[in-house]
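Take a look at the structure set out below.
The values are calculated or read from the model by the stated rules, or taken from the named source; none is laboratory data. For clarity, every value in this text was computed on a predicted model and none was experimentally measured. Ideal geometry is used to build each Cβ from the backbone, glycine not excepted, and the neighbour counts take in all protein chains shown.
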Amino acid sequence: MRSNRKPTYIFSDPDVLQKATEKMGFHLSQVFGGERPNTHNTTRSNAFPQQQSFEHDKNDNPFPAEEIEYLITKMTPCKAPGNDHLTGAMLKPIVHSPLSTLSKFFKLCWNWSYVPTSFRTAQVVPIYKKADPTVAGNFRPISLTSVFHKILERCLLSKLLSTIKSLGISQGGFRHYRGALDQAFSLNMLIH
């Protein structure tokens, strides 16, 4: 721990902890919608065009153990754990033990186009920003996800980056040097 850190505040209402929890839950539901998507809906929405399928050999493993090992060794050790209570620092000393299993598991996720519910579930923790710690709006939520989910996402990143060049020039979201301000500026220039 760093000794020069400012004290952290825990959101709590002076009356009752239950009231504080309800207040924070209400605030987050107002800001972020509060609706959980239906995970059991099997029909595909027509709001988005049908994506082209990515052809790959089912016997080929797109997640070699060496890549997973590299990603585990490069994980930041001081990150907070998700629902699995595991951190990158815990995996580094035993990095060789789970490699084969993780490689096979990630291959299953890839072939089935499915990830476990525990990977899609995050623990949301409010982090104090500034001002009055009894006001829910003075906190920002962070999502703590499973360390294995983070590894899978990083494995997928290299595959996505190789296909991202095929995106249209107007696609700017989540691309380097194409932030929201750049896109807004471009739109403004096109309009005027």
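Some observations on this one:
- Which numbered condition A131 misses (of (1) at negative phi; (2) in contact with a helix residue (DSSP H, G or I) (Cβ under 6 Å, 6 or more places away or on another chain)): (1)
- Taking the listed residues L190, L156, the one that is free of Cβ contacts under 8 Å to residues at least 24 places away in the same chain, part of a helix (DSSP H, G or I) and closer than 24 Å to F119 by Cα is L156, with no other qualifying.
- Within this structure, S143 passes the test of being under 22 Å from T76 (Cβ atoms) and of a type in the set (S, T, N, Q).
- Segment 117-138 residues that are over 14 Å from M24 (Cβ atoms) and of a type in the set (S, T, Y), paired with ones that are part of a loop (DSSP other than H, G, I, E, B) and at pLDDT 85 or above (beta carbon under 9 Å, 6 or more apart): S118/G82; S118/N83; S118/D84; S118/S146; T121/G82; T121/N83; T121/T145; T121/S146
- From F26, F48, F63, residue being under 23 Å from R120 (Cα atoms), at pLDDT below 80 and not small (G, A, S): F48
- Of the helices (runs of 4 or more DSSP H) contained entirely in segment 74-152, those carrying at least 1 residues that are at pLDDT 90 or above, under 30 Å from D60 (Cβ atoms) and touching a Cys at 6+ places or on another chain (Cβ under 7 Å) fall at 99-112.
- Scanning segment 108-153 for residues that are of a type in the set (D, E, K, R) and closer than 17 Å to I68 by Cα yields K150, E153.
Residue-wise test of (1) aliphatic (A, V, I, L, M); (2) under 30 Å from A20 (Cβ atoms).
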position	(1), (2)
L86	yes, yes
K92	no, no
F105	no, no
Y114	no, no
D132	no, yes
F139	no, yes
L157	yes, no
A180	yes, no
A184	yes, no
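- Of all residues in segment 81-107, those satisfying the criterion of being surrounded by 11 or more Cβ atoms within 10 Å (Cβ to Cβ) and among the hydrophobic types (A, V, I, L, M, F, W, C) are L86, A89, M90, L91, V95, L99, L102, F105, F106.
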